[in-house]
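J.: What follows is a single structure, and I will ask about it in a moment.
The values are calculated or read from the model by the stated rules, or taken from the named source; none is laboratory data. All figures in this text were calculated on a predicted structure; none of them were measured in a lab. A quick note on method: Cβ atoms are made from the backbone with ideal geometry, for glycine too, and the neighbour counts reach across all protein chains shown. Calculation scope for accessible area: heavy atoms of the full protein, side chains included, ligands and nucleic acids excluded. Shrake-Rupley method; radii C 1.70, N 1.55, O 1.52, S 1.80 Å.
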Amino acid sequence: MDDRVAQVLELYHERIQAEREERNAGIHRPNSERFLAVGRRTGQLISILARVLEKPTILELGTSYGYSTIWLAEAARTAGGRLVTMELETHKIAYARDMAERAGLADYVDFRHGDALDLIGQMDDGIDFVLMDLWKDLYVPCLEAVLPKLNPGAIIVADNMRVPGGEDARKYQQAVRAIPHMLSVPLPVGTGLEVSRYLPA
């Protein structure tokens with residue numbers, strides 16, 4: 001990881017810490033203003049997983065303010081691939097794009113604005129890695145939409161399985177584990193992950 005990427009990640013870590021302190025003080029921002037970032041350990045893990053793939057097409061569902069985007073874009077650059085990231089709110093895309101430019105990673109990121117299900121439908125086949133980190137009621141529909149577009153060996157990481165968890169997280173875990181040729185395990189990293197790999201015969 002070069003200095004520009006490290007410096008941008010540190011800016012994110014400072015803001016994440018500031019938000020944590022605000023919550024501890026009883027100050028609560030609306031979700032549209034919160035970072036809702038995956039966290040350092042999850043960022044490191046998704047980077048490790050994505051960069052072992054060869055020239056991967058990486059899909060991020062839920063750009064938010066772009067913290068995980070930086071981790072995945074850096075992995076895409078290292079592995080000779082590209083990142084497609086999708087987000088519904090334009091102000092978040094603008095922030096994430098600015099941070100990607102500061103990190104020197106903008107050339108490796110395709111920012112797409114709109115409804116995730118519509119945007120997935122417009123994508124070509126050949127997806128190698130997926131990070132699911134959008135509203136939890138969309139996890140199963142997005143899984144169903146992305147499944148026909150996966151390459152053999154593709155990896156899917158779903159965040160927030162433990163926190164906030166809940167019924168939508170359980171439905172996702174049941175759905176992904178029921179797919180033939182999908183190997184899937186929960187990992188106690190960050191707020192809880194479900195990590196799956198598609199290995200069709």
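J.: Using the structure shown, decide if Arg34 is open to solvent by 70 Å² or more (accessible area, probe 1.4 Å) and either over 15 Å from Leu105 (Cβ atoms) or modelled with pLDDT of 95 or more (or both). Walk me through it before giving the result.
T.: Values: open to solvent by 70 Å² or more (accessible area, probe 1.4 Å): no; either over 15 Å from Leu105 (Cβ atoms) or modelled with pLDDT of 95 or more (or both): yes.
Spelling it out, it is not the case that Arg34 is open to solvent by 70 Å² or more (accessible area, probe 1.4 Å) and either over 15 Å from Leu105 (Cβ atoms) or modelled with pLDDT of 95 or more (or both).
J.: Quick test of your reading of the structure: Thr78 fulfils all but one of (1) free of Cβ contacts under 8 Å to residues at least 40 places away in the same chain; (2) in contact with an Asp or Glu (Cβ under 8 Å, 6 or more places away or on another chain). Name the failing condition by number.
T.: All conditions pass for Thr78, except number (2).
J.: Restricting attention to region 87-124, which residues are closer than 18 Å to Pro148 by Cα and either touching a residue at least 12 places away in the same chain (Cβ under 8 Å) or of a type in the set (Lys, Arg) (or both)? Full working, then the answer.
T.: Going through region 87-124, the residues closer than 18 Å to Pro148 by Cα turn out to be 116-124.
Once the filter is applied, which keeps residues that are closer than 18 Å to Pro148 by Cα and either touching a residue at least 12 places away in the same chain (Cβ under 8 Å) or of a type in the set (Lys, Arg) (or both), region 87-124 yields Ala116, Leu117, Leu119, Ile120, Gly121, Met123, Asp124.
J.: From Val176, Val185, Val140, grab the single residue that is open to solvent by 30 Å² or more (accessible area, probe 1.4 Å), β-branched (Val, Ile, Thr), over 16 Å from the mean Cα position of the chain (by Cα) and at pLDDT 95 or above. Quick ask: steps written out before the conclusion?
T.: On the way: Val176 fails: open to solvent by 30 Å² or more (accessible area, probe 1.4 Å); Val140 fails: over 16 Å from the mean Cα position of the chain (by Cα).
Criteria check complete, one pass: Val185.
J.: Hey, which of the helices (runs of 4 or more DSSP H) in region 87-201, taking only ones fully inside, have at least 3 residues that are touching a Gly at 6+ places or on another chain (Cβ under 7 Å)? Break it down into steps so the answer makes sense when it comes.
T.: On the way: elements: 90-102, 116-122, 139-146, 167-177.
In region 87-201, the matching helices (runs of 4 or more DSSP H) lie at 90-102.
J.: Follow-up. Of all residues in region 9-53, which are on the phi < 0 side of the Ramachandran plot and not in a helix (DSSP H, G or I)? Please lay out each step first, then the result.
T.: Taking region 9-53 first, the residues on the phi < 0 side of the Ramachandran plot are 9-25, 27-35, 37-38, 40-53.
Across region 9-53, the qualifying residues are Ala25, Ile27, His28, Arg29, Pro30, Arg34, Phe35, Ala37, Val38, Val52, Leu53.
J.: Taking into account only those residues within region 78-94 that are in contact with a strand residue (DSSP E or B) (Cβ under 9 Å, 6 or more places away or on another chain) and of a type in the set (D, E, K, R), which is most open to solvent (accessible area, probe 1.4 Å)?
T.: Here the residue is Arg82.
J.: Checking the conditions here, which among Ala50, Ala18, Ala6 is free of Cβ contacts under 8 Å to residues at least 40 places away in the same chain, open to solvent by less than 80 Å² (accessible area, probe 1.4 Å) and either closer than 14 Å to Gly66 by Cα or within 20 Å of the chain's Cα centre (by Cα) (or both)?
T.: Numbers: Ala50 fails: free of Cβ contacts under 8 Å to residues at least 40 places away in the same chain; Ala18 fails: either closer than 14 Å to Gly66 by Cα or within 20 Å of the chain's Cα centre (by Cα) (or both).
Step by step, each of Ala50, Ala18, Ala6 is checked, and only Ala6 is free of Cβ contacts under 8 Å to residues at least 40 places away in the same chain, open to solvent by less than 80 Å² (accessible area, probe 1.4 Å) and either closer than 14 Å to Gly66 by Cα or within 20 Å of the chain's Cα centre (by Cα) (or both).
J.: Consider Glu19 against the criteria (1) modelled with pLDDT of 95 or more; (2) acidic (Asp, Glu); (3) within 21 Å of Gly192 (Cβ to Cβ): it satisfies all of them except one. Which criterion is unmet?
T.: Of the numbered conditions (1) modelled with pLDDT of 95 or more; (2) acidic (Asp, Glu); (3) within 21 Å of Gly192 (Cβ to Cβ), the odd one out for Glu19 is (1).
J.: State all residues of region 156-173 that are over 18 Å from Asp124 (Cβ atoms), among the hydrophobic types (A, V, I, L, M, F, W, C) and modelled with pLDDT of 95 or more; if no residue qualifies, say none.
T.: Going residue by residue through region 156-173, those that are over 18 Å from Asp124 (Cβ atoms) are 157-173.
Pick out the ones that are also among the hydrophobic types (A, V, I, L, M, F, W, C) and you get 157-158, 161, 163, 169.
Those that are over 18 Å from Asp124 (Cβ atoms), among the hydrophobic types (A, V, I, L, M, F, W, C) and modelled with pLDDT of 95 or more: Val157, Ala158, Met161, Ala169.
J.: For Ser64, only one of the following conditions fails: (1) part of a helix (DSSP H, G or I); (2) touching a residue at least 60 places away in the same chain (Cβ under 8 Å); (3) open to solvent by 10 Å² or more (accessible area, probe 1.4 Å). What is its number?
T.: Unmet condition: (1).
J.: Tell me, please, whether a residue that is over 17 Å from the mean Cα position of the chain (by Cα) and modelled with pLDDT of 95 or more can be found in region 188-199. Spell out the reasoning first.
T.: Going residue by residue through region 188-199, those that are over 17 Å from the mean Cα position of the chain (by Cα) are 198-199.
Applying the additional criterion that residues be modelled with pLDDT of 95 or more yields 198-199.
Yes: region 188-199 contains one or more residues that are over 17 Å from the mean Cα position of the chain (by Cα) and modelled with pLDDT of 95 or more.
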